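Please treat every number below as a calculation from the coordinates, not as lab data. Here the structure is a predicted model, which means the values were calculated and not measured. Positions of Cβ are generated from backbone atoms using ideal geometry, with glycine treated the same way; all protein chains shown enter the neighbour counts.
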Amino acid sequence: MAVGKPRILFFNPVRHARAAYEALQEVAATEVVTSTSRQQFFDDIPKKYSDVKAIYRTSASGAVAGPFDEELISRLPASLKYICHNGAGYDQIDVRACSVRNITVTYAPSPVTAATADLTLFLLLGALRNLNPSLSSLRAGNFKKGVKEGRDPEGKTLGILGMGRIGRAVVQRARAFGMKAVYHNRTRLTGELEAGCEYVGFEELLAVSDVISVHVPLSEGTRHLIGREEIAKMKRGVVIVNTARGAIIDEAALVEALDEGHVGAVGLDVYEKEPEVHERLVRNERALLVPHLGTHTVETLAKMEEWAMENARRGVLGEELLSVVPEQAGKKLDSK
């Protein structure tokens, strides 16, 4: 290990942005965690990682040490000043506990936008067109037999729940298919960001939308934001798409409404208890399901890795960070 270089601990190896990783090694001492369990990581901190200045993590990092909750944050070395997450969703990190420890959390919102919006449109169109049973039918040797008709996207009202980067990218794509978009946020956007979409209240969005696409972050305030009462206010036959976080929707309520036919179809990339998927979702042919693939492309994963590593590089070298999480943005933490 090069003397004098700040240490960055990687909870997952870099698979795609290898050139960026090699460039980082010129200014920092990088290493991949060797601990294989949460307790072993705790045991290794004073022996192996006592002077680590930054941690690089991904959504898969929980396989090593579990969530970055208050317990884990409290055990991190005093030298640790940055946790650099390589995705847009960082609900696995207790930001409040990090702030108490003067640890800055960064995330990578921009790189995930296009790929997630693309997958959202795939799920939206596939659910509308009733493609899931046709795929199964074809592979079973029943070419088009018994396959019910789907519906066109043209003229349908698309309700965007959470008009951030991804929500706006979905609107842009959906307009090519003749859809009209309305949206709901905690606060209304400025005219330019609205991009011609109508702002509506939460309950109005539930009532008027033919398709509802979920794009809010998971927090205590959004957990089970959509439950039985909210689904009951939706149009019969509504299509629900979720590429955000599974726990935003009460999955038990969703499967009941889907089985009963109140929800016409769903297109899901995320699930409440991943990697477990509700068995009634799996059995329902009107559920188009993929296993959390929103950013699962070579190009997007490379951009995410590069972004998180650049935040880590800037952090350990004392430069301005690319993207601090909103809860900490604008708040100056003690850098001592």
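Quick rundown of the values:
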{"item": "Cβ-placed point charges (K, R +1; D, E -1), dipole of segment 113-289 about Cα centre in debye, nearest 20", "result": "540"}
{"item": "Inter-part distance where segment 152-220 and segment 236-264 are each reduced to a Cα centre, Å", "result": "17"}
{"item": "log₁₀ of I(q)/I(0) at q = 0.17, 0.20, 0.26 Å⁻¹ - segment 116-208, Debye sum with one point per alpha carbon", "result": "-0.75, -0.93, -1.31"}
{"item": "For ALA253, net neighbour charge (Lys/Arg +1, Asp/Glu -1) across residues whose Cβ lies under 10 Å away", "result": "-4"}
{"item": "Against the rule of thumb 2.2 N^0.38 Å, how large the Cα Rg of segment 1-120 comes out", "result": "1.07"}
{"item": "Relative contact order of the chain, pairs being alpha-carbon contacts under 8 Å that are 6 or more residues apart, as %", "result": "19"}
{"item": "Normalised contact order of segment 113-289, rounded percent, pairs of Cα under 8 Å and 6 or more residues apart", "result": "23"}
{"item": "Cut-off 19 Å (backbone N to label point 7 Å along Cα→Cβ of ARG75), residues of segment 30-49", "result": "32-49"}
{"item": "Relative exposure of ARG173, ARG168, judged by other C-beta atoms within 10 Å (fewest first)", "result": "ARG173, ARG168"}
{"item": "Convex hull of the chain built on C-alpha atoms - directionally averaged projected area, nm²", "result": "18.7"}
{"item": "Shape of segment 113-289, Cα gyration tensor, a/c cut at 1.5", "result": "prolate"}
{"item": "Karplus 3J(HN,Hα) series, Hz, for segment 281-291 with 6.51 cos²θ - 1.76 cosθ + 1.60 (x for Gly, Pro)", "result": "5, 4, 6, 7, 6, 8, 9, 8, 10, 10, x"}
{"item": "Amide H contacts of GLY294 (H built 1.01 Å from N, under 5 Å, at least 5 apart or other chain)", "result": "none"}
{"item": "Among the listed pairs LYS148/LYS273; LYS5/LYS47; LYS48/LYS273, those beyond 26 Å (Cα-Cα)", "result": "LYS148/LYS273; LYS48/LYS273"}
{"item": "10 Å beta-carbon shell around THR34, net charge (K/R +1, D/E -1)", "result": "-1"}
